[in-house]
Structures are given as structure tokens and as C-alpha cells.
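Taking it in order: structure first as C-alpha cells, then the write-up.
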Amino acid sequence: MAGKDSKGGVFGLDYSRRYDQNCYLCAHNAYAARSYGWCYYQQTSGVFKQLQAGVRALMLDVWIKGEEVFLCHEGFKKTQIMKPFSQPTKLSSLFLEVRQFLDSNPREVVTCFFESYVNNRDVMHRAFKEGNVEDIIFWQDSEENDVCSKGWPTLQDMVDKNKRLVLFSDNRDDGIPYEWRYCTQNVYGSAGTSSTTWMDARSKNYPLTCPNTLFVLNHFPSVAVNVFEMLTRVMAKINSKDKIINHARACREACKAANAQCDRIPNFVAIDLIDRGKTGGGPAAVEEINRWWAEATGGDKVEQQSVNTEPAVVTEGGADTSEAPAVAQS
């Protein structure tokens, strides 16, 4: 188990702060692991071991085939090339690993980000049921929670209610809360690891200065450079604590320069090969960013703020059927 601080949170998480006032280590393409048979892999160990190592967020690509949801990279044909000796993993199987970890660690909260090609709510929700996670999901778009108007709960509140799995999707039609109602991201891929472009927003409609949203700091190359073991030293440099912190600081300073009221601190640091990185790598960077959060909040829970004020037409666990608000560029 990864080291915890005196308040019990891995890499500096503070349970008295809101969910959106903490920073979490995120495994990009967490399913594409060498231990699962991927030759073109972006993580070394499987999801359970990633979570044991301190990962608290997973980026997952999901595709539908028949009545099942599978984890694939750029579709089934490419996955067969990248993972030639075994079949694609079912999402439900991965959820079983997540549930095993959460049951073994009743104070932990895990987040999943879906790049979703599943346009079927029923099939997706069947994967939740088969993966034994239905009862533990925190539905941020439900009438009870409605974080768009009520704000996010503290981590401790989520633990007390045993609602410790948070889901986001980039697809409005799969029955998962729509990511862009809650998040903003910087550009991903090689542009996200270059100091000349890494402050650019992934979406022009959701600049890094858009208010009251979670911030995903994408910090991984366009191509997984660890196809060959000899190249792991490259990832150690990309994933160094110093480079990640410089990236996060640059985004924060740029946002403040554009809007003095925008103190943009990362909530998620998404990297490939979470076990590689100089000077402590991703874990050390996340711990440092959580110190930023402690300073920004005075160590206390701060006044709740809404995510946005536009009403959403939703059902519990359902996708937002209203148009996501367009945010003007600063």
C-alpha cells in the first residue's frame, strides 16, 4: 500500500476537504497493462496493483460488442494487434478488481474517466451490475447529490455514505454523467508534455479558466514510448516530479494571468507508467499539489460553490440531456 500522511490520505489527500479540493494520481489507459497481455502497454501492472500503489483515478476506453462492454484501444482490430495473445477485457471484470480494492480499503475513493464508444445506457449499466459496483457509485447528477448546484461533498462524506466510485464519460448516451459538465482538461499527447503547448486547453469551449470545474492535467506522450524496455528512461524523464510540477505551475500561473479569480490547481494528474519517474515521479508530484490545495483552502473545508447554474435534465445515473453550457474564452 502506498504511503499515507498523518491525516490518512494517500499522497496528501485530506478527507475534510471536498472531492474537488484534492489531487489524485490518474493512470492513463489503465487497462492497457503489460500484466493483461498488452504488448503496446501504457501501464505495467493491472488495475488492482495500480490502486494499491496509490492510483485513485483510471482513464478507460470502452467499446461495445453485442451486449458486452470491452476495454479497447482504438477499436477491436487495433486491440487485437496490441494485445495479440488474449481477448479484450470486459469492463465488468475490471470493475470487479476496483470493487475488491474498495472493499479492502473502506476509506478510499476511486474515479473513472471513460472515453466511451458505447451508445447504450442499458448495456453500460449491466456492466456496473456484473462488476458489483452499482451500490457504491456516487451519482453526481442525481437529485440527491446534484453537485452542479450543491457543490461536491467532502471525501469523508462520501466515505461515510459508502459512495466511493465516481464516473465521468465523454459520451452523452451511455448513462454516465457527462464529463464536460464538470471538468476541464489541458491538451493531451505530446503537446501536453511540451512546455510550449502544455497550457493549451483540450476543448476551446472549456478553457482552463472556466469556473468551478475539476481540472485534469494530462501529462503523457502521444505514443507509449515504453513499447521496448530500453526506452523506459524516456518515461522516467517525462514523469519526473519536477517536470509535472513545472507543468502544473505553468497552467496555474497562466490561468491567474488570464483571470485573477481563477486559481487552477490540478485535481487529477494523468500519466502513463505510473511506476516510472525521477525524483519521486507522479506520486511525489501529486503529494506536492495536495500541499497547494491545503494552502489554498487554509486546511479547512471552504464554502460550497456550484459547478454551473444551468439546470440539467437528468435521472439518477443518467447522462445530462441538456446542452453543456458554452464557456466564453477569456
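The values are calculated or read from the model by the stated rules, or taken from the named source; none is laboratory data. None of the values given here were measured: they were computed from a predicted structure. As a convention, Cβ positions derive from the backbone with ideal geometry for all residues, glycine included, and neighbour counts pool all protein chains shown.
If you go through region 68-91 and keep only what is out of contact with any Phe, Trp or Tyr (no Cβ under 8 Å at 6 or more places or on another chain) and modelled with pLDDT of 95 or more, you end up with just E68. Summed over region 147-182, the residues that are closer than 20 Å to V55 by Cα, in contact (Cβ under 8 Å) with a residue 40 or more places away in the chain and in contact with a strand residue (DSSP E or B) (Cβ under 9 Å, 6 or more places away or on another chain) give a count of 10. For the residues L51, L25, the requirement of being under 19 Å from the mean Cα position of the chain (by Cα), among the aliphatic types (A, V, I, L, M), under 20 Å from M158 (Cβ atoms) and not in a strand (DSSP E or B) singles out L51. The condition of being under 20 Å from D20 (Cβ atoms), surrounded by fewer than 22 Cβ atoms within 10 Å (Cβ to Cβ) and not hydroxyl-bearing (S, T, Y) holds for only one of D263, D200, that being D263. Under the condition of being in a helix (DSSP H, G or I) and within 23 Å of Q140 (Cα to Cα), the residues counted in region 175-193 number 3.
Restricting attention to region 218-242, the residues that are in contact with a helix residue (DSSP H, G or I) (Cβ under 6 Å, 6 or more places away or on another chain), modelled with pLDDT of 85 or more and not in a helix (DSSP H, G or I) total 5.
Does at least one position in region 194-215 carry a residue that is of a type outside the set (D, E), more than 18 Å from the chain's Cα centre (by Cα) and either at positive phi or not in a loop (DSSP other than H, G, I, E, B) (or both)? Taking every residue of region 194-215 in turn, none turns out to be of a type outside the set (D, E), more than 18 Å from the chain's Cα centre (by Cα) and either at positive phi or not in a loop (DSSP other than H, G, I, E, B) (or both). Residues in region 142-174 that are within 21 Å of V109 (Cβ to Cβ), part of a loop (DSSP other than H, G, I, E, B) and over 17 Å from the mean Cα position of the chain (by Cα): S142, E144, N145, D146, G151, P153, K161, N162.
Looking at region 75-141, the helices (runs of 4 or more DSSP H) lying wholly inside it that each contain 2 or more residues that are of a type in the set (G, A, S) sit at 91-104. Take the conditions surrounded by 22 or more Cβ atoms within 10 Å (Cβ to Cβ) and either charged (D, E, K, R) or touching a helix residue (DSSP H, G or I) at 6+ places or on another chain (Cβ under 6 Å) (or both) and apply them to V109. Does it pass? Yes; evaluated as a whole, the condition is true for this residue.
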